[in-house]
Amino acid sequence: MCLFQSTARRLLSQVHCGLKASSSKKLKFCLEMARPSSNMADFREVFAKAKHIAIITGAGVSAESGVPTFRGAGGFWRKWQAQELATPGAFARNPSRVWEFYHYRREVMLSKHPNPAHIAIAECEKRLSKQGRSVVVITQNIDELHRKAGTKHLLEIHGSLFKTRCTSCGNVAANYKSPICPALAGKGAPDPDTEDAAIPVEDLPLCEEDGCNGLLRPHVVWFGEALDPGVLTAVEKELDICDLCLVVGTSSVVYPAAMFAPQVSARGVPVAEFNMETTPATNRFRFHFPGPCGTTLPPALARHETEIIS
């Protein structure tokens, strides 16, 4: 919690900069700071000097790979939205329905591939590591497309579709089975007229640890659950040392991730937003590049002319 408390303090310290201005010159300065630049050449100069780059990604990156977001109008699976299924209560009441939903999502993801934005990030990480520079990806996505693209330094703050956690012993394990269990084969159709499969608990995914056999759940963070404190500690360390931050394909409205980039900006570190449109946090950042991430990000992260490749 200390991460978010310190973030809140930092944010509050800069929220009212315009109110403190005692002259038109100070007011003009604050208004100018509220207009982020879209000058790619200026961003590239900052990028060329950065030693520790943090890249925060959201659903907008995966949407370009054809991944359903289940957000906003029309974001339904059958007659439910994700927030009605991705909760501990929903799983307790009807684990079969929740597993059908996640089985559908897993099967969809097995047919999806990283897009140019994922690939640009992974290639940038690989290239800069040879120069003694670091790139970390802090993602809200659970689809593992960054991993598929080749990203190594990855912090998945909301978990993964391809990991399970036992509700009895707590064991977390990678799981890429398709289907994840025989009873879910052919199930999970999103059509609103599809009836629930009503699979008995004993036929749902079960723990394979010796002597356990407990019911497995997706290892993802559900609505109403706290993020893993170990992952948050790792995120805080990366944000504290980064000297450049990119916010890619995220609406900056889902907390606590929405606080990460403003926290970095509050200590004077350049932040660049790559998104289809502006967000509530845009005016706190130095740069904003509108458009599809798969189009704007590759040239932003390409090799700079000053880079020395050994």
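Bear in mind these aren't lab numbers, they're just calculated from the coordinates by the rules spelled out. Just so you know, these numbers come straight off a predicted model, no measurement behind them. Here the Cβ positions follow ideal geometry from the backbone for every residue, glycine too, while neighbour counts run over all protein chains shown.
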| remark: Looking only at aspartates and glutamates whose Cα falls under 19 Å of Lys148's and that sit 8 or more positions away or on another chain, we get Glu64, Glu107, Glu123, Glu125, Glu156
| field | log₁₀ of I(q)/I(0) at q = 0.06, 0.07, 0.11 Å⁻¹ - the chain, Debye sum with one point per alpha carbon | value | -0.23, -0.32, -0.74
| query | What does the charge add up to near Thr194, with Lys and Arg as +1, Asp and Glu as -1, over the other residues with Cβ less than 12 Å from its Cβ? | reply | -1
| query | If you project the alpha carbons of the range 214-299 onto their three principal axes, what span does each projection cover, largest first, in Å? | reply | 48, 28, 23
| query | In the chain, with Lys and Arg counted as +1 and Asp and Glu as -1 at Cβ, which of these residues, Thr151, Gly89, Ala54, has the Cα nearest the positive end of the dipole, that is, farthest along it? | reply | Ala54
| query | Along its principal axes, what span do the Cα atoms of the range 156-310 show, with the longest given first and each in whole Å? | reply | 57, 39, 37
| note | Taking alpha-carbon centroids only, the range 181-233 lies from the range 93-167 a number of Å equal to 18
| note | With Cα coordinates, the longest principal axis of the chain makes an angle with the long axis of helix 40-49, in degrees rounded to 10, of 80
| query | So what's the angle, to the nearest 10 degrees on a 0 to 90 scale, between helix 95-109 and the longest Cα principal axis of the chain? | reply | 60
| task | Report the relative contact order of the chain, percent, no decimals, based on alpha-carbon pairs under 8 angstrom and at least 6 residues apart. | result | 27
| remark: The relative contact order of the range 153-276, taking Cα pairs under 8 Å that sit 6 or more residues apart, comes to a percentage of 25
| query | How much of the DSSP beta bridge set in the range 45-198 is antiparallel, as a percent to the nearest 5? | reply | 35
| query | For the range 59-209, what number results from the quotient of the Cα radius of gyration and 2.2 N^0.38 Å? | reply | 1.15
| Could you list log10 I(q)/I(0) for the range 249-309 at q = 0.13, 0.17, 0.28 Å⁻¹, which the Debye formula gives when each Cα is one point scatterer? | -0.39, -0.63, -1.17
